[in-house]
């Protein structure tokens with residue numbers, strides 16, 4: 001596995017076990033940028049915010065943030081005043097061992113909602129975490145942020161003199177008991193905070209908001225993009241020749257992490273790529289694509305490799321977007337399964353369209369393409385099927 | 001089982017097998033009101049409409065409709081011009097055997113989306129359907145409208161001189177391949193169409209729109225309320241003394257049918273009643289209640305009898321309604337599991353609140369109560385859990 005966040009110069013990282021997880025697996029992670037590192041953040045839109053989300057958002061808004069500490073095991077959400085105080089204690093302890101001003105330490109948490117952070121264990125593990133900090137700590141960092149993830153997720157890209165790295169965790173954009181989507185992307189370019197925020201918004205946000213496991217937005221989702229400047233190339237911004245390639249590299253890392261997240265979604269057996277075009281706007285296209293991707297009837301049909309175009313039409317029609325049913329075309333893979341809102345009789349014929357659509361659905365990744373008219377709006381969403389294992393993971397394992 | 005739609009005077013009904021269902025079960029149903037019967041209709045809001053929905057809606061808008069023919073097996077949705085022609089042929093044939101003007105015959109269909117209606121079989125069975133029409137045909141009617149329903153659903157109520165009856169089918173408000181929610185309510189009161197429309201809107205719509213199995217709105221959902229006037233009491237309307245009790249009886253029948261629908265939802269093991277109060281408006285409360293009831297994480301938690309208050313808070317926070325997290329209180333049954341947006345530490349303690357919440361969740365029906373502030377908005381939604389059987393029914397049984 002690749003180094004991930006420490007692939008670019010100017011970053012050290014570490015991950016250790018504080019003993020919070022009963023398994024003894026690593027559960028405390030730290031990523032520290034060189035002095036002068038800039039940061040941009042994307043945060044959950046859930047109205048119920050975890051304490052570390054509020055803390056990190058405030059610090060970034062105040063122009064601070066060169067490092068982040070992550071604890072896994074408790075989400076530190078729905079924990080009230082105590083949770084806010086715990087988050088402050090954690091960043092104080094982490095800043096001390098990292099040797100940076102406390103206001104530059106950001107925080108992320110992931111795990112059970114409502115349960116207080118195991119603060120004594122976390123604080124006690126801080127010296128070990130600081131001692132482990134190093135330029136090859138990216139892998140340990142990626143391991144320590146996992147909860148129910150089955151594999152650690154890292155990605156790397158290069159662009160001329162620049163390197164970009166990343167790590168992520170999560171079994172979706174969602175909040176099962178022990179999961180939240182966290183992603184960390186680093187680069188050794190020197191980027192001003194405003195430009196970095198634009199980069200995060202334009203190149204990373206579309207990649208992560210296009211993911212859906214079950215349509216549920218976590219209380220803790222966070223994406224942080226750090227730029228250390230350690231490549232020693234001087235500041236780079238949108239007016240510079242190198243910018244576009246750097247932005248591409250950042251997006252490449254984001255896309256690679258997003259793809260790893262959906263492939264590790266809870267109970268996933270098939271990844272679903274939903275492409276919508278011809279909508280009145282991109283926002284409308286996104287609404288339709290998410291309606292299709294999140295429909296339990298479409299998701300179970302994908303699980304069963306049953307193309308079932310009626311369910312896709314149902315989801316489009318109920319999405320709330322004003323579409324003309326007679327303009328809706330649907331393809332499963334390359335096979336047309338609805339044309340002008342009508343499922344062709346050939347679909348139901350023996351050895352008809354249905355057979356080829358079924359074959360497309362038996363692949364590990366299935367494309368559902370929907371055209372809803374002649375409008376300019378388009379969107380792509382990455383989802384997954386709804387399997388017995390999803391029900392087992394979320395229904396059987398009480399925590 | 002009760003007679004249902006033929007409990008009130010002035011209605012005849014029948015159900016026969018046209019041979020469309022491979023099982024040979026009844027699949028063609030007819031309900032005919034006495035001359036002068038008035039009608040009100042509630043229809044799906046899906047943009048993709050089944051042909052019979054369009055036909056019935058147009059006739060009711062034109063002031064017509066004293067009878068309805070229902071075929072189960074094909075939904076006659078996404079069938080284009082051919083589907084519209086098929087629907088017209090079915091009502092012509094049904095009106096002929098019922099001996100009424102063709103414009104007074106409404107239609108409903110339920111079954112596979114996209115597959116053309118088996119028209120020859122349906123038309124050929126019409127004489128037998130007409131011959132079977134009788135004042136004791138309510139039970140056969142309820143049987144013949146079933147698709148994947150495991151039990152027929154009927155209800156009755158009385159109010160002074162008036163009787164109210166009903167029949168329904170559906171495993172939710174949804175469109176699995178072989179399901180759509182259809183409900184038929186009859187009364188022998190004489191009610192003007194405008195008053196009947198008001199009654200349907202005020203007393204039946206809230207009962208049926210409060211149901212959710214998986215948040216998917218069918219292309220075929222229809223509720224029809226017929227008033228025959230055969231009780232011979234003269235017209236009754238909102239200004240009359242008897243109106244309130246009649247409206248209560250109509251609502252009682254609607255509520256009984258809705259409860260039967262959710263208890264027969266696909267894969268249901270536990271019925272979930274979500275009550276939301278204190279929202280800015282009733283609509284906001286409904287949005288929050290549906291977000292909680294439809295959340296796959298809440299639904300699997302209910303399946304696993306895991307109170308998991310963090311998932312409920314997550315669903316409220318992500319509902320899109322602007323709520324203050326610090327004002328959110330949550331109860332599972334009578335047990336408080338979140339107060340002011342915080343899950344109390346007592347919840348996680350051994351022998352704490354969690355134990356009593358778990359016991360409440362092991363009941364066949366669980367109440368999830370959410371207070372989100374001091375606003376006047378409130379809503380109740382009936383949902384159900386997400387079980388292995390739901391995945392099996394919708395994933396394994398390709399059709």
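Take the alpha carbon gyration tensor of the stretch A:49-140, find the square roots of its eigenvalues, order them as a ≥ b ≥ c, and report rounded if a/c is under 1.5; if not, report prolate when a/b exceeds b/c, else oblate.
Oblate, because a/c is 1.5 or more while a/b does not exceed b/c.
Taking the alpha-carbon centroid of each part, what is the distance from the stretch A:260-284 to the stretch A:84-115 in angstrom?
Comparing the Cα centres of the stretch A:260-284 and the stretch A:84-115, I get a distance of 34 Å.
Helix A:80-98: angle to the longest alpha-carbon principal axis of chain A, degrees 0 to 90, nearest 10?
The angle comes out at about 60 degrees.
Under the definition of Cα pairs under 8 Å and six or more residues apart, what whole-number percent is the relative contact order of the stretch B:150-282?
Once normalised by length, the contact order is 33 percent.
Take the alpha-carbon centre of the stretch B:286-331, take the same for the stretch A:197-250, and report the distance between them in whole Å.
31 Å
Any chance you could check the Cα centroid distance between the stretch A:351-399 and the stretch A:7-57 for me, in angstrom?
Each part reduced to its Cα centre gives a spacing of 32 Å.
For the peptides A:132-141, B:2-11, what is the packing order when you average, over each peptide's residues, the other Cβ atoms within 10 Å and list the highest mean first?
Most protected by this proxy first, the peptides run B:2-11, A:132-141.
Once you keep just the Cα pairs under 8 angstrom separated by 6 or more residues, what percentage relative contact order results for chain B?
Numbers: 1050 pairs, mean separation 70.2, N = 399.
It rounds to 18 percent for chain B.
Could you pull the copy-to-copy label distances for residue B:103, with points set 7 Å along Cα to Cβ, in nm to one decimal and sorted shortest first?
Listed shortest first, these distances are 7.8 nm.
Between residue A:350 and residue A:389, what is the FRET efficiency for a Förster distance of 35 Å, r being their Cβ-Cβ separation, to the nearest 0.05?
Working: r = 33 Å, r/R0 = 0.94.
Efficiency at R0 = 35 Å is approximately 0.60.
If you line up the long axis of helix A:119-132 against the longest principal axis of chain A, both from Cα atoms, how many degrees apart are they, to the nearest 10?
Tilt of helix A:119-132: around 80 degrees.
What angle, in degrees between 0 and 90 and rounded to the nearest 10, separates the Cα long axis of helix B:51-61 from the longest principal axis of the Cα atoms of chain B?
It works out to around 80 degrees.
Per residue of A:289-300, how many C-beta atoms from partner chains lie within 10 Å of its own C-beta, taken as a mean?
Taking the mean over all residues of the peptide, I get 5.
Please state the shape class of chain A: rounded when a/c is under 1.5, otherwise prolate if a/b exceeds b/c and oblate if not, all from the C-alpha gyration tensor. Present the calculation step by step, with values, prior to reporting the outcome.
On the way: a/c = 2.27, a/b = 1.66, b/c = 1.37.
Prolate is the answer for chain A, as a/c is 1.5 or above and a/b outweighs b/c.
Order by neighbour count: B:343, A:90, fewest other Cβ atoms within 10 Å first, most last.
Fewest-to-most Cβ neighbours within 10 Å comes out as A:90, B:343.
Residue B:127 label points, 7 Å along Cα→Cβ, one per copy: pairwise distances from this copy to the rest in nm, shortest first?
9.8
Of the peptides B:219-225, B:194-200, how do they stack up when ordered by the mean number of other Cβ atoms within 10 Å, highest first?
Taking the mean over residues of other Cβ atoms within 10 Å, the ranking is B:219-225, B:194-200.
Of all DSSP beta bridges located in the stretch B:11-136, what percent are antiparallel, nearest 5?
Numbers: 12 of 20 bridges.
Restricted to the stretch B:11-136, the bridges split so that about 60 percent are antiparallel.
By DSSP, what percent of the beta bridges with both residues in the stretch A:271-395 are antiparallel, rounded to the nearest 5?
70 percent
Using only the Cα atoms of the stretch B:200-263, construct the convex hull and provide its projected area averaged over every direction, in square nanometres to one decimal. Mind dumping the intermediate values first?
Values: hull surface 20.8 nm².
For the stretch B:200-263, averaging the hull's shadow over all directions gives 5.2 nm².
Provide a whole-number value for the mean count of partner chain Cβ atoms within 10 Å of the Cβ atoms in peptide B:218-226.
Going residue by residue through B:218-226 and averaging, the value is 1.
Let me make sure I get this right: for the stretch B:351-398, a, b and c are the square roots of the gyration tensor eigenvalues over alpha carbons, sorted descending. Under 1.5 in a/c it's rounded, otherwise prolate if a/b > b/c, else oblate. Which is it?
Working: a/c = 3.59, a/b = 1.49, b/c = 2.42.
Taking the square roots of the gyration eigenvalues as a ≥ b ≥ c, the stretch B:351-398 is oblate.
Please list, short to long, the whole-number percent of alpha-carbon pairs of the protein assembly as shown in consecutive 10 angstrom bins beginning at zero.
Binned Cα distances yield the sequence 3, 14, 21, 22, 18, 11, 7, 4, 1, 0.
Given the protein assembly as shown, what percent of its DSSP beta bridges are antiparallel, to the nearest 5?
Details: 92 of 138 bridges.
Given both bridge residues lie in the protein assembly as shown, the antiparallel proportion sits at roughly 65 percent.
Taking the highest mean first, how do the peptides B:319-327, A:353-361 order by number of other beta carbon atoms within 10 angstrom per residue?
Per-residue mean Cβ counts within 10 Å order the peptides as A:353-361, B:319-327.
In percent, what relative contact order does the stretch B:271-396 have, based on Cα pairs under 8 Å that are 6 or more apart in sequence?
46 percent
Taking each residue of B:337-349 in turn, how many C-beta atoms of other protein chains fall within 10 Å of its C-beta, and what is the average?
So the per-residue partner count for this stretch is 4.
Taking each label point as 7 Å beyond Cα in the direction of the beta carbon, state the distances from residue B:389 to the same residue in the other copies, shortest first, in nm.
Label-point separations across copies, in nm and ascending: 2.5.
Any chance you could run the full-extension gain for residue B:232 through residue B:365? It's 0.36 nm times the residue separation minus the Cα-Cα distance, nm to one decimal.
On the way: separation 133, 0.36 × 133 = 47.88 nm, distance 4.11 nm.
So the chain would gain 43.8 nm between residue B:232 and residue B:365.
The numbers here are math on the coordinates, done by the rules we state, and not lab data. Remember, predicted model here, so these are calculated numbers, not experimental data. We place every Cβ from the backbone using ideal geometry, glycine too, and count neighbours over all the protein chains shown.
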